[in-house]
Amino acid sequence: MFESKSEKWVKSVKYGYARVSTRHQDLEGQMRQLEEEHCDKIYFEKITGTKKDRPEFQKLIQNIQIGDTLVVTKLDRFARSTQDALNTIKLLFEKGVKINVLNLGVIENTSTGRLIFTIFSAFADFERDLIVERTQEGKEIAKQRPGYREGRPKKFSQQQINLAMSLLETHSYTQVEKMTGISKSTLTRYKRKRYYLLNKE
């Protein structure tokens, strides 16, 4: 096959994308799978999938070119919703990009490929909604329990805080921190709070 000297051969690039939306999800696991797929470049970020801003993914979309491949471990790492997935896949197909979802396979720009992608995107969207619904149900059940408080549970009990406040009367912040394990900033915050409450009375 003859190739003109004016034509420049460009090597296709395999891009990987990893995303986690909570501290409990495993970013390293996704990265390891993408490395095993021999991705040339991997973009990753820790951000809630329902948020619109995904700066690293936007950079990937801008850089990926015709003939390149986008690799993701699962469908829900790829997009925020079914509609978002369909819009993104359409954009990538128009750019001549292949998509490889590791637990599904390569999705091609064919009628069958687009149909399969739509179906699996809908299932991923449905699964995400179920998780949110179950989380809300869990919160509602927890709210019915005595002593329930919204937000992160306290690291130290009130008894531990009271003991630390007593120790501060005869010891320095550094000494109390070493004895109780309560940081200086936390001790300062509770002492200010206690001072405010006493003066308020």
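Across region 155-177, the qualifying residues are those that are outside any helix (DSSP H, G or I) and touching a helix residue (DSSP H, G or I) at 6+ places or on another chain (Cβ under 9 Å), and the one among them that is modelled with the lowest pLDDT is Lys155. Residues in region 70-122 that are in a loop (DSSP other than H, G, I, E, B) and either under 18 Å from the mean Cα position of the chain (by Cα) or buried (at least 17 other Cβ atoms within 10 Å of the Cβ) (or both): Thr73, Lys74, Phe78, Ala79, Arg80, Ser81, Val97, Leu102. Would you mind telling me which numbered condition in (1) over 13 Å from Ala18 (Cα atoms); (2) assigned to a loop (DSSP other than H, G, I, E, B); (3) modelled with pLDDT of 90 or more Gln62 fails? Single failed check for Gln62: (2). Residues of region 178-191 include at least one that is within 38 Å of the chain's Cα centre (by Cα), in a helix (DSSP H, G or I), loosely packed, with under 12 Cβ neighbours inside 10 Å and at pLDDT below 80.
The values are calculated or read from the model by the stated rules, or taken from the named source; none is laboratory data. These figures come from a predicted structure and were not determined experimentally. Using ideal geometry, Cβ is built from the backbone for each residue, glycine included, and neighbour counts are taken over all protein chains shown.
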